[in-house]
Each structure stands twice: as C-alpha cells, then as structure tokens.
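Colleague: Just passing along the structure, written as structure tokens.
Since every read-out is calculated from the coordinates, none of them should be taken as a lab result. In this text the structure is predicted, and so the values were computed from the model without any measurement. Cβ placement follows ideal geometry from the backbone for every residue including glycine, while neighbour counts extend to all protein chains displayed.
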C-alpha cells in the first residue's frame, strides 16, 4: 500500500481530481483487517474532464511513470480521440501498476460528493467501492466484501 502513497500524494498535490477505489482504497478504510492482503495494483477514478486526464498523465510522467492506453504509449499531448471509449490509462513504474479510470460505471459527481479523506487522499465511499466490486463479480472481490461486512 505504501508503495503507491508517493504518486497518489503527488497527483493530489498537483490538483488532479480523483477518488481511489478497489482493494487499495479498502485497505485505507480497514488497515488492520487487510494488513496482510497483497495488492496487485492500485485503482483510481479520475474526474472525466480532458484537462484532468492530461494533468494526471503529466504528473505521472514527471514522476517517471510510463503511461499507456490499451498498451499504446500516451503522454499529456496525446490527441483527444485516443482517450474516447478507452476507459482508462495504465501507469507503470517498475513492479507497480496504477490504473486510472475516467469512464466509470458510476456517476462522477455522485462519487466526488461522497469521497472520504484518508491518509490525506480522496477515497471513494465504501458504498461505491463495494458496488464496483459487486459489479465485477470476481470471487475474490465478493469474498473480500464478505470478510469486511460489506456484502449486500
């Protein structure tokens, strides 16, 4: 979890509008219960404005993160059509993977209004995180929600 703190703090510090989701965010809410849970990556939802997406890419690149959309290299100057209908930017640095979704199943305005600050970072609400995990329906996600008492 700590491996992602510097880049998330940098994104937040530079004014990127986002909410952390997924298991990384759940670890922010339940640090003791999930202290031994291994993270495969970190997921965030970006406010879907093009300016915000470009700012996020710029901050990532300035921090030596490689950014791609569907395995094609992108940077802050990538033409707009490259982002439409692609759903997320993937950023990698060594063994770390950060997925930045900007076309989410949930309404951004609703998600933004219910974010919680944890560790000085904006995390999506537990209800939104649980909804996204239930929607994916992966066995390990459903089991994690059960363990945390977030099942429906």
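Colleague: With angles folded into 0 to 90 degrees, how steeply does helix 50-62 sit against the dominant principal axis of the chain? Use alpha carbons for both and round to 10.
Modeller: 90
Colleague: Related question: Working from Cα positions, state the angle (0 to 90°, nearest 10) between the long axis of helix 126-136 and the longest principal axis of the chain.
Modeller: 80
Colleague: Sticking with this structure for a sec: Report the percentage of all Cα-Cα pairs in segment 1-93 whose separation exceeds 17 Å, rounded to a whole percent.
Modeller: Everything past 17 Å amounts to 50 percent.
Colleague: With the Cα gyration tensor of segment 34-152 in hand, give its eigenvalues times 5 under a square root as the equivalent ellipsoid semi-axes, listed largest first in whole angstrom.
Modeller: Over the Cα atoms of segment 34-152, the ellipsoid semi-axes are 26, 17, 14 Å.
Colleague: Roughly how many nanometres apart are two label points built 7 Å out from the Cα toward the Cβ at residue 2 and residue 143?
Modeller: Distance between the two pseudo-spin positions: 2.7 nm.
Colleague: With the convex hull built on the Cα atoms of segment 90-152, state its orientation-averaged projected area in nm².
Modeller: Hull-based average projected area comes out at 5.6 nm².
Colleague: On to the next question. In nm, to one decimal, how far is the modelled label at residue 50 from the one at residue 95, with both set 7 Å along Cα→Cβ?
Modeller: 3.9
Colleague: In addition: Calculated from DSSP H runs of 4 or more alone, at -39500 (n - 2.57) each and per residue, what is the 222 nm mean residue ellipticity of the chain, nearest 500?
Modeller: -10500 deg cm²/dmol
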